[in-house]
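Have a look at the structure below before the remarks.
The values are calculated or read from the model by the stated rules, or taken from the named source; none is laboratory data. Bear in mind the structure is a predicted one, so any value in this text is a computation, not a measurement. In this analysis, Cβ positions are derived from the backbone assuming ideal geometry, glycine residues included, and neighbour counts consider all displayed protein chains. When the accessible area is computed, the model is the full protein with side chains, heavy atoms only, and any ligands, DNA or RNA have been set aside. Shrake-Rupley method; radii C 1.70, N 1.55, O 1.52, S 1.80 Å.
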Number of protein chains: 2
Amino acid sequence: MAAGPLVLDTFLPYRLSIASNLVSGAIARIYQSLFGLSIPEWRIVTVVAETDAITQQEIGQRTRMDKVTVSRAAIALERRGLIERRAHPGDGRSQLLHLSATGRTLYESVAPKAKELEERLFGDFTAAELDTLTSMLRRAEAAALRLEGEAR
Amino acid sequence: MAAGPLVLDTFLPYRLSIASNLVSGAIARIYQSLFGLSIPEWRIVTVVAETDAITQQEIGQRTRMDKVTVSRAAIALERRGLIERRAHPGDGRSQLLHLSATGRTLYESVAPKAKELEERLFGDFTAAELDTLTSMLRRAEAAALRLEGEAR
DNA sequence: TCCAGATAGTTGCGTTTGATACGATGTGCG
DNA sequence: CGCACATCGTATCAAACGCAACTATCTGGA
């Protein structure tokens, strides 16, 4: 671990926040202008596409989005006809989300664009570097969760 | 670069956002409860401590915070007596921020706590890993900035 | 069976955020 | 020197966010 005095510019949580905000900001602007999707909406479309049918609660767990955020984005997506919500057989409180035909079509143009953006952002990383980065991020996530856990 | 279909869970911008939100969230809560400082306030205190006297505009550039965010946090810090604002000699529009005695005292307890948190979050990373992570984050920042640049 | 407590999703509301407009000051060109 | 334009910081307003309260439904134990 870095010894010595605090220097904001090299303080890792700070660097992480700066990098994440820049990357998220760039992507958010592009998705908004190309597809009219916010980040929560985009995440939901992707998760629903990957699972075929999923509850809002599960989406929240997977993506760490607040259930309120999921609820609002799901309502917006339904209004736009991109997803459909059916009663959950066996649990009347819940509903299963899945893509409409329109939603699936949209997803099929969104997904390649996502890969392209990833390529543009991380294209000069080697495969090994990408693995390293991913695993470091997961380690940091786990540590942050531990820290939160202690607090309560 | 990762080939194959989009899988949200391994999509790097997504992982970056999740990690950053968890880390920032944990730190924000701790700083709020220990020192009553928001993240923007904390950043300003740190930058001012490092530079001794700096304009709000420069703070914004360094930390990538909006000038509105900086303005509000600076006003709050001045009200609490942690920083002082003096006329900028040679530019009447601007002002130089510096720490008050109280602010310096606070900073001297904030800084070690920051190092401690960094240690708790990234303590199991080797020095080499930390360097790698930092430089990868900087590369991603640069790529995101290029992407933004193209958009306009 | 019935009721207390837990859970899914929505709504309300206060806070935070950032784009835009503004007032004040500074700068450069004619 | 004067006027158009840029820049610093603040104010304003609308949108995003997340906690807490709420409704409806489910679950387990007496």
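With θ set to phi - 60° and the Karplus curve 6.51 cos²θ - 1.76 cosθ + 1.60, what are the ³J(HN,Hα) couplings of segment A:59-71 in order, to the nearest whole Hz, using x for Gly and Pro?
Once θ is set to phi - 60°, the couplings for segment A:59-71 become 4, x, 4, 5, 9, 6, 8, 4, 5, 5, 4, 4, 4 Hz.
How large is the charge dipole for segment A:10-122, taken about the Cα centre, if only the Cβ atoms of Lys, Arg (+1) and Asp, Glu (-1) carry charge, to the nearest 20 debye?
300 debye
Can you name the chain B residue with its Cβ nearest the rotation axis from B to A, and give the distance in Å as a whole number?
It is B:20, 2, counting Cβ atoms only.
Go through segment A:24-30 residue by residue and turn each phi into a ³J(HN,Hα) via Karplus (6.51, -1.76, 1.60, θ = phi - 60°); whole Hz please, and just put x for glycine and proline.
4, x, 4, 5, 4, 5, 5
Using θ = phi - 60° and the Karplus relation 6.51 cos²θ - 1.76 cosθ + 1.60, list the HN-Hα couplings for segment A:87-101 in order, rounded to whole Hz, with x at every Gly or Pro.
For segment A:87-101, the Karplus curve yields 4, 7, x, x, 8, x, 7, 10, 9, 9, 8, 8, 6, 7, 4 Hz.
Taking amide hydrogens as modeled 1.01 Å from N in the peptide plane, which residues meet the under 5 Å criterion relative to residue A:54, leaving out close sequence neighbours?
Close amide H contacts, sequence-distant or interchain: A:97.
Rounded to the nearest 20 debye, what is the charge dipole size of the protein assembly as shown about its Cα centre when +1 sits on each Lys and Arg Cβ and -1 on each Asp and Glu Cβ?
With Lys and Arg at +1 and Asp and Glu at -1, about 960 debye.
5 Å is the cut-off here: which amide hydrogens, built 1.01 Å from N in the peptide plane, fall below it relative to residue B:83, excluding neighbours closer than 5 in sequence?
Amide H neighbours of residue B:83: B:78, B:100.
Just from its helices, what would the mean residue ellipticity at 222 nm be for chain A, if runs of 4 or more DSSP H residues each count -39500 (n - 2.57) and the sum is divided by every residue, rounded to the nearest 500 deg cm²/dmol?
Result for chain A: -23500 deg cm²/dmol, rounded to the nearest 500.
Could you give the length gained on full extension between residue B:146 and residue B:32, defined as 0.36 nm per residue of separation minus the Cα-Cα distance, in nm?
Contour length minus Cα-Cα distance gives 37.6 nm.
Along Cα-to-Cβ, 7 Å out, sits the label point; list in nm, shortest first, how far the one on residue B:124 is from those in the other copies.
In nanometres, ordered from closest: 3.2.
Taking each pair of different alpha-carbon atoms in the protein assembly as shown once, compute 1/r for the pair, average those values, and report the inverse of that mean as the Kirkwood hydrodynamic radius in Å to one decimal.
When all Cα pairs of the protein assembly as shown are included, the Kirkwood radius is 21.2 Å.
Please state the equivalent ellipsoid semi-axes for segment B:1-67: what are the square roots of 5 times the Cα gyration tensor eigenvalues, largest first, in whole Å? Provide the component values of the computation, followed by the final result.
On the way: eigenvalues 207, 59, 12 Å².
Ellipsoid half-lengths, sorted descending, are 32, 17, 8 Å.
Between copies, how far apart are the residue B:112 label points? List them in nm, one decimal, shortest first, with each point 7 Å from Cα toward Cβ, please?
Once sorted, the set of distances for residue B:112 reads 5.8 nm.
Can you tell me which of A:135, A:33, A:24 moves the most in a GNM of chain A? Springs connect C-alpha atoms under 10 Å apart.
Result for chain A, Cα springs under 10 Å: A:135 fluctuates most.
Mind checking the per residue accessible area of segment B:1-132 for me, 1.4 Å probe, whole number of Å²? Intermediate values should be presented prior to the final figure.
Numbers: 6340 Å² over 132 residues.
In whole numbers, segment B:1-132 has 48 Å² accessible per residue.
Taking the dipole about the Cα centre of the protein assembly as shown, with the C-beta of Lys and Arg at +1 and of Asp and Glu at -1, give me whichever of B:82, A:107, B:4 is farthest to the positive side.
With unit charges placed on the Cβ atoms, the residue in question is B:82.
Placing a label point 7 Å from Cα toward Cβ, how far apart in nm is residue B:85 from its equivalents in the other copies, listed shortest first to one decimal?
The projected label point of residue B:85 is separated from its counterparts by 4.5 nm.
Protein chains only, probe 1.4 Å: how do B:91, B:131 rank by accessible area, largest first?
B:131, B:91
Of the options B:35, B:70, B:48, report the single residue whose Cα projects farthest towards the positive end of the charge dipole of segment B:32-78 (beta-carbon charges: Lys, Arg +1; Asp, Glu -1).
The residue sitting farthest along the positive end of the dipole is B:70.
Could you compute the net charge surrounding residue B:97? Neighbours are other residues with a C-beta less than 11 Å from the C-beta of residue B:97; K and R count +1, D and E count -1.
-2
Please compute, over every Cα-Cα pair in segment B:38-151, the percentage with a separation greater than 19 angstrom.
The share of Cα pairs beyond 19 Å in segment B:38-151 comes to 57 percent.
Which value in nm describes the separation of the simple spin-label points at residue B:61 and residue A:9, placed 7 Å from the Cα toward the beta carbon?
1.2 nm
Tell me the total accessible area that B and A bury against each other, 1.4 angstrom probe, in square angstrom rounded to 100.
Heavy-atom accessible area buried at this interface is about 6700 Å².
Using a 1.4 Å probe on protein heavy atoms, which residues of segment B:42-58 have at least 40 Å² less accessible area in the complex than alone?
B:42, B:43, B:50
Below 8 Å between Cα atoms, with a sequence gap of 6+, how large is the relative contact order for segment B:38-151 in percent?
RCO, segment B:38-151: 23 percent.
Give me the count of lysine pairs in the protein assembly as shown whose alpha carbons sit under 30 angstrom apart, restricted to pairs 8 or more positions apart or on different chains.
Taking the protein assembly as shown as the scope, the lysine pair count is 4.
Taking all protein chains as present, what is the carbon and sulfur share of the accessible area of segment A:10-122, in % to the nearest whole number, probe 1.4 Å?
Solvent-exposed carbon and sulfur of segment A:10-122 make up 49 percent of the total.
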